[in-house]
Amino acid sequence: MTAPIKDVVIVGGGTAGWMTAASLIKYAQGKQLNITLIESTDIATVGVGEATIPSIVQFNHQIGLDELEFIKATQATFKLGIQFEQWTQNQQPFFHPFSDYGVPVNGVPFHHYLHKLSQSGFATELSDYSFSSVLARTNRFAQPHPQPATPLADYSYAYHFDAGLYANLLKQHATKQGVVHIDSKIEQVNCQAESGFIESVTLTNGQRVSADLFVDCTGFKGLLIEQALETGYEDWSEWLLCDKAIAVQSELQQQPAPYTRAIAHSNGWQWRIPLQHRMGNGYIYASQFEDDDHAMQNLLGNIEGQPSNQAKQFRFTPGRRKQIWNKNCFAVGLSSGFLEPIESTSISLIQSAIAKLLDFFPDTSFNQHDIAEVNRLHNAELEHVRDFIILHYKLTDRQDSEFWRYCQSMSIPDTLAHKIALFESRGHIIIHESESFEAASWLTIYHAFGVTPKRYDPRADSVEHQFIINNLEQMKRSITQAANQAMTHEQFIAKHCAATR
C-alpha cells in the first residue's frame, strides 16, 4: 500500500540546498510534509557561481522573494547576456544576448533574410537587431515591459550576485516558512539491507535522522547519490577539456556593466562578473595543457584591482551522474554532475532539477516509471547543454596553442555534429525537448564563429528585396532609439535597488 511522503531530508546547504528547501516548503503548504535541511557550518560550500540566466527571475518570484529585497541583500547587478572576448583569431568580441534577433516575417525566421541579403552583398550586423545587445553596448539597462508594444522590445534579463549572500537569504526565507535546519556533519548513511533505500543518516552526536525522501546537495562528493548508492558517473572530459578552476574576488574599479565577460586565454578562459560591491573573477583551464602555478599567475595578472580574498582552486570532472534519481535519493546541484560555467548554467540546472522533483513528486511507492522519466529528461537536458558548450570550443579558429588546436580537431557527439551540419546546409536550427538554450543562442554562436549556411529558406524569396532592406533599417532605428532612452546600468541601480555598502 502506498502512502504520501511525510518527511524529506535535504543533506547539504549552499545555493543548491537552500533553493531546494525554499521550493519544497512552498510546495508543502497545505500538506503534511516536513522539510529538514542538514548542513555543517564547518564545511565550506563551493559558492563561486555568481552569474545566472533569466529563469532565476521567475524562480525567485515563485518562492515568494521580493526582487528589490533580493537585489539589495545579494549585492546584485543585472545581466543582459555574455560578452565573449578573444575567442576568435581576429579577437573580435561578440555578445550573446538574452533576446531574439529581429522578428519573423511570413513565418520565416529572421536570420534567413539576413542570409539572403548577405548573398547579394548587402552587409548587416546581427547584433543591431537585438535590444539586449544594443543596451549592453552603452552599459544601459531597462526592465522589459510585461506586454511590449513590439516583439523587438521583448527581451529577458538575469543577475550577477553573491552566491553566499543568496544562500543566506534563502535560508532565512525557508526557515521562516517552516524548514527545520540542523547544523551538523553526517557520520554515516544508513541503507535498508533488502531494498538498498536510504533509511536515515547518523549525525556526529549519534542522532539518527530518518526520512522517506532524501535530497543530495553535498556537492562534488555526492555523499548520498554516489558514496552510499554508487549510482555511477558519466565522464565527458573527452569533449570538455577544462577540468580545473581558480576563483578570486577583487576591488571594483569602475561601474559594473550589465553583462558577464568571458575572456579566452591560451588554455581556457577567464570570467569577470561585476557585483555592486566587488568583481568576481575566475580562470577555468585544462590541466593537461597548463600547470596550477602558471594558471594562478595567469588569473592574478589579468584582474582589475587588488584581490580582496584568498584565491580558491577547484578540480572537477565534466559530466553527469548516471541517474539524478536513484531509489529514494534525488541529487540536486554539483552532486548530480558539473558542466563548466561558460554559459552560467549551474544555478539554472539546480532550478530545472527542482522543477522535475516537484512535477514528479513521489509517494512511498517510488514508482519506477516516474523515476525513469525524470532521469530521461534530466539526461537529455544535460546533453543539450553539453553540446552547446562544446560548440564554443569546436568552432573557434584560434591556432595559438595546442589546447585550441585540439578543440578544433576533436570528434564531437553525433547529436552536435548533426545540428551543425543542418545549419550549414540550410540555416535550420534544431531545438529539442528539454533544451536550455533557444534558437537565438545557437544563432549567436554559429554567426560569431563564421558558420554560414549554404542556403536560406526559399520562402524568403516571396518578400521583395527592397522591402526587406527597409524593414531592417526600421528595426535597427527603433531598437537604437529605444536603447538610447534607457538609463545607464549605474543610474538604474542607484535609483531603484542600491545595496547598503
Does His181 satisfy the criteria of being of a type outside the set (Asp, Glu), surrounded by fewer than 21 Cβ atoms within 10 Å (Cβ to Cβ) and outside any loop (DSSP other than H, G, I, E, B)? yes
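Please tell me if Gly121 is modelled with pLDDT of 95 or more, of a type in the set (Gly, Ala, Ser) and surrounded by fewer than 21 Cβ atoms within 10 Å (Cβ to Cβ).
For Gly121, the condition - modelled with pLDDT of 95 or more, of a type in the set (Gly, Ala, Ser) and surrounded by fewer than 21 Cβ atoms within 10 Å (Cβ to Cβ) - is not met.
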Here's a check for you: in segment 66-86, which residue that is on the phi > 0 side of the Ramachandran plot and part of a loop (DSSP other than H, G, I, E, B) is farthest from the chain's Cα centre (by Cα)? Gln86
When every residue in segment 32-65 that is over 16 Å from the mean Cα position of the chain (by Cα) and at pLDDT below 95 is compared, the one farthest from Val248 (Cα to Cα) is Ser40
For Ser195, are the conditions met, namely being more than 30 Å from Ala440 (Cβ to Cβ) and either at pLDDT 95 or above or surrounded by fewer than 20 Cβ atoms within 10 Å (Cβ to Cβ) (or both)? yes
Which count do you get for residues in segment 342-386 that are among the basic types (Lys, Arg) and buried (at least 19 other Cβ atoms within 10 Å of the Cβ)? 2
Just wondering, is there one or more residues in segment 208-222 that are modelled with pLDDT under 95, hydroxyl-bearing (Ser, Thr, Tyr) and farther than 30 Å from Ala247 by Cβ? no
Out of the residues in segment 208-244 that are hydroxyl-bearing (Ser, Thr, Tyr) and more than 22 Å from Ile342 (Cα to Cα), which is surrounded by the most Cβ atoms within 10 Å (Cβ to Cβ)? Thr218
Out of curiosity, is Glu187 in the same structural domain as Leu24 (by TED's automatic domain parsing) and within 15 Å of Glu39 (Cβ to Cβ)? yes
Tell me which residues, restricted to segment 7-32, are within 23 Å of Lys185 (Cα to Cα) and in a loop (DSSP other than H, G, I, E, B). Gly12, Gly13
From the option list Leu275, Leu224, Leu229, single residue qualifying as within 30 Å of Phe361 (Cβ to Cβ) and in contact with an Asp or Glu (Cβ under 8 Å, 6 or more places away or on another chain) is Leu224
May I ask you to verify whether Ile342 is farther than 21 Å from Ala22 by Cα, β-branched (Val, Ile, Thr) and either out of contact with any strand residue (DSSP E or B) (no Cβ under 6 Å at 6 or more places or on another chain) or modelled with pLDDT of 95 or more (or both)? yes
When you look at Thr15, is it touching a residue at least 60 places away in the same chain (Cβ under 8 Å), surrounded by fewer than 20 Cβ atoms within 10 Å (Cβ to Cβ) and farther than 30 Å from Arg137 by Cα, yes or no? no
Do we find a residue being outside the structural domain of Met475 (by TED's automatic domain parsing), in a helix (DSSP H, G or I) and within 30 Å of Ile429 (Cα to Cα) anywhere in segment 97-110? no
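Within segment 201-212, identify whether any single residue is among the hydroxyl-bearing types (Ser, Thr, Tyr), outside the structural domain of Ala483 (by TED's automatic domain parsing) and under 30 Å from Ala73 (Cβ atoms), and answer yes or no.
For segment 201-212, residues among the hydroxyl-bearing types (Ser, Thr, Tyr), outside the structural domain of Ala483 (by TED's automatic domain parsing) and under 30 Å from Ala73 (Cβ atoms): absent.
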List the residue pairs whose Cβ atoms are under 7 Å apart, where the first residue sits in segment 407-429 and is over 19 Å from Leu241 (Cβ atoms), the second is among the aromatic types (Phe, Trp, Tyr) and assigned to a loop (DSSP other than H, G, I, E, B), and the two are 6 or more positions apart or on different chains. Gly427/Tyr456
Among the listed residues Arg376, Arg426, identify the single one that is modelled with pLDDT of 95 or more, basic (Lys, Arg) and closer than 30 Å to Gly196 by Cβ. Arg376
Are any of the residues in segment 400-418 touching a Pro at 6+ places or on another chain (Cβ under 7 Å) and either surrounded by 15 or more Cβ atoms within 10 Å (Cβ to Cβ) or part of a helix (DSSP H, G or I) (or both)? no
Checked segment 211-254 for anything in contact (Cβ under 8 Å) with a residue 40 or more places away in the chain, over 25 Å from Ile389 (Cα atoms), touching a helix residue (DSSP H, G or I) at 6+ places or on another chain (Cβ under 9 Å) and in a helix (DSSP H, G or I); matches are Leu223, Leu224, Ile225, Glu226
Condition (residue is touching a His at 6+ places or on another chain (Cβ under 9 Å) and in a strand (DSSP E or B)) applied to segment 282-293: is it met by at least one residue? yes
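The values are calculated or read from the model by the stated rules, or taken from the named source; none is laboratory data. Values in this document were obtained by computation on a predicted structure and should not be read as measured data. Note: ideal-geometry Cβ built from the backbone for every residue, glycine included; neighbour counts use all protein chains shown.
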